[in-house]
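Everything on this sheet refers to the single structure shown next.
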Amino acid sequence: MTTAQLPRAQPRIVIIGAGMAGILTAIKLREAGYEDYVIYEKSDRVGGTWRDNTYPGIACDVPAHLYTYSFEPNPSWSQTFAPGPEIHAYFERIAQKYGVTQSIRFNESVPHCEFKAGRWQLRTSLGRADVADFVIAATGVLHHPHTAAIHGLETFAGACFHSATWDHSVPLAGQRVGVIGTGSTAIQITSALAHRVARYDLFQRTAQWIMPIENVPYSEAEKAEFADNPAKLAALKVEVNGYFQHFSNAVIDAESAEMKEIEDACLANLESQVHDPVLREQLRPDYRAGCKRLIFSADFYAAIQQPNAHLITAGIAGIEPGGVRTSEGELRELDVLVIATGFRADSFIRPTTVLGRDGKNLDDVWAEAPAAYLSISIPEFPNFFMLNGPNGPVGNFSLIQIAEAQVAYILQLLEEVRGGRCREISANAQVSAAFEQTRQTAVRKSIWSTGCKSWYLDKNGVPASWPWSRSAFFEAMAQPNLDSFDRVG
Ligand code: NAP
């Protein structure tokens, strides 16, 4: 079959990934009248990051009522910041409710996609061949665990696992537990675990700023009111959106008054909540708050000040069967070692091989750093779109809101093909290059460029994020400028 047969009333669409964005895409495609779609999901359940990450204390630090599909409010969120299992259950419920689950091929990944004769030829991990008019990669951002190459790690005699593959068969009570890393994940683990184990060691390479939050449970009366009175819930969302507007305006301008407010709040939190002056200095970062992805926590400082909790700031010389040997020569004996060293943030759809027009390999296109026009489309990769792709607003506001705007935008591109106005559509190379150059200039003004090491930075040290305001993002997503796209056929 070739493009000559397009437009098809029912083009075939492959979605890769059944996490938050993949479920959303399926729902929106169905709503727009597309019926021939399938989701390939590498795992046996929906939920993406919320399925994979089950570590103690997992929660979303975006307020729950914002981390919710706009068309499926959830009056029953238990607290301001919902715990991971509740969020996972929400996605499972929505996938069932909208009939998405039946379109998913579970335990089947897509290692290879190739654009040939006007269509995407896919090969799956089960050896299946599929042919699609469109591919939508909803593969998430942080899903390939990064396990630090620490000398001797494999020799550890106790239980050892990455935070994203938590081994729940390992008992923790009464154990000596060590956690390597001080990112959002390790901070949440610390709050949840320090008081439950015999001894808790947190291995810190770099101190983190902690933004204080209040995580308040919703009462049954409040939940009932949210259910009975949607206007009340809508008003809450408007209010919380306002905070986010403030936050997202702050981070894009390192010299803004809003950024100063955030830095002051983090500093006051450190000064007022950490009582021992030595520990306080150990926990004091030497870079600006917000430069790394800001950590929001109500209780980390309390947790690390418990008598059985220890912040280890000496470097890690190596791992031995009995525990972690520090650069000062001390052996911190451990029964359980958790590797909370983050994710490979530049993978996106990879390791899938993606070959665009004339065999152009995505790996080569992204050899310097991943990039995409508006995070969505790559020149010479026609009819291939990404959700939460490179350089989007990953840390600025709710990823669900971002994905909803991106799906709406992609649907408008699909409509160009379904409406018969073209057969192939992808971002224009010059427009993309100019966009990326403007982005790289704008991002220099952001807090992420102020001198720290973080997963936001690409290998050239350029923050891989949306450097403009929240409203600029939604304006850009409202309607594609079709002149920015190559339309063939
Ligand atoms: P991360 O932010 O990348 O943190 C990794 C940590 O491991 C850092 O403290 C890093 O230290 C440390 N590390 C890495 N290699 C090391 C080594 N060889 N030796 C010692 N320490 C090492 O990863 P994450 O905590 O998993 O969080 C990743 C992102 O996931 C977050 O930024 C956030 O966007 C998302 N997340 C979100 C939530 C939420 O509530 N929404 C919760 C968890 C995670 P350095 O700082 O020195 O590099």
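The values are calculated or read from the model by the stated rules, or taken from the named source; none is laboratory data. No experiment lies behind these values; they were computed from the predicted model shown. Note that each Cβ is placed from the backbone with ideal geometry, even for glycine, and that neighbours are counted across all protein chains shown. Just the protein is used for accessible areas: all its heavy atoms, side chains included, with ligands, DNA and RNA removed. Shrake-Rupley method; radii C 1.70, N 1.55, O 1.52, S 1.80 Å.
Collect the residues in the range 373-387 that are in a loop (DSSP other than H, G, I, E, B) and open to solvent by 10 Å² or more (accessible area, probe 1.4 Å), keeping them in residue-number order.
Residues satisfying the conditions are 374, 379, 380.
Go through (1) more than 30 Å from residue 332 (Cβ to Cβ); (2) open to solvent by 40 Å² or more (accessible area, probe 1.4 Å); (3) touching a residue at least 60 places away in the same chain (Cβ under 8 Å); (4) out of contact with any Pro (no Cβ under 9 Å at 6 or more places or on another chain) one by one and return the number of the condition residue 111 breaks.
(4)
I'd like the full set of residues that are small (Gly, Ala, Ser) and farther than 29 Å from residue 458 by Cβ, limited to the range 266-320.
Residues satisfying the conditions are 268, 272, 298, 302, 303, 309, 314, 317, 318.
If the requirement is being in contact with a strand residue (DSSP E or B) (Cβ under 9 Å, 6 or more places away or on another chain) and not assigned by TED's automatic domain parsing to the domain that holds residue 247, which of these qualifies: 362, 294?
362
Would you say residue 385 is under 30 Å from residue 245 (Cα atoms) and among the aromatic types (Phe, Trp, Tyr)?
So residue 385 passes the test.
I need the full set of residues from the range 38-83 which are within 12 Å of the ligand (Cβ to nearest atom), acidic (Asp, Glu) and at pLDDT 95 or above, in order please.
The one that is within 12 Å of the ligand (Cβ to nearest atom), acidic (Asp, Glu) and at pLDDT 95 or above: 52.
Would you mind telling me which numbered condition in (1) surrounded by 15 or more Cβ atoms within 10 Å (Cβ to Cβ); (2) within 13 Å of the ligand (Cβ to nearest atom); (3) at pLDDT 95 or above residue 194 fails?
Failing condition for residue 194: (2).
Taking the condition farther than 29 Å from residue 16 by Cβ, free of Cβ contacts under 8 Å to residues at least 40 places away in the same chain and not hydroxyl-bearing (Ser, Thr, Tyr), does residue 328 pass?
So residue 328 fits the description; yes.
Taking the stated definitions as given, is residue 157 assigned by TED's automatic domain parsing to the domain that holds residue 312 and within 24 Å of residue 393 (Cα to Cα)?
Values: assigned by TED's automatic domain parsing to the domain that holds residue 312: yes; within 24 Å of residue 393 (Cα to Cα): no.
Criteria not met by residue 157.
If you go through the range 230-253 one residue at a time, how many are touching a His at 6+ places or on another chain (Cβ under 8 Å) and exposed (fewer than 14 other Cβ atoms within 10 Å of the Cβ)? Don't jump to the end; show me each part of the working.
The first filter runs over the range 230-253 and keeps only residues touching a His at 6+ places or on another chain (Cβ under 8 Å), leaving 233, 236-237, 240.
Keeping just the survivors that are exposed (fewer than 14 other Cβ atoms within 10 Å of the Cβ) gives none.
Result for the range 230-253: 0.
For the range 161-187, what are the residues that are near the ligand (Cβ under 9 Å from one of its atoms) and open to solvent by 30 Å² or more (accessible area, probe 1.4 Å)?
184
Condition check: of a type in the set (Gly, Ala, Ser) and more than 11 Å from the ligand (Cβ to nearest atom). Does residue 158 satisfy that?
Yes, satisfied.
Which residue out of 465, 454 is open to solvent by 10 Å² or more (accessible area, probe 1.4 Å), closer than 18 Å to residue 251 by Cα and in a loop (DSSP other than H, G, I, E, B)?
Just a single option satisfies the conditions, and that option is 454.
Within the range 254-307, which helices (runs of 4 or more DSSP H) (wholly inside it) include 3 or more residues that are open to solvent by less than 50 Å² (accessible area, probe 1.4 Å)?
Qualifying helices (runs of 4 or more DSSP H): 257-273, 300-304.
Within the set of pairs 6+ apart or on separate chains, which have a first residue in the range 180-198 that is under 13 Å from residue 57 (Cβ atoms) and among the basic types (Lys, Arg), a second that is more than 7 Å from the ligand (Cβ to nearest atom) and open to solvent by 10 Å² or more (accessible area, probe 1.4 Å), and C-beta atoms under 9 Å apart?
Qualifying pairs under 9 Å: 196/56; 196/172; 196/173.
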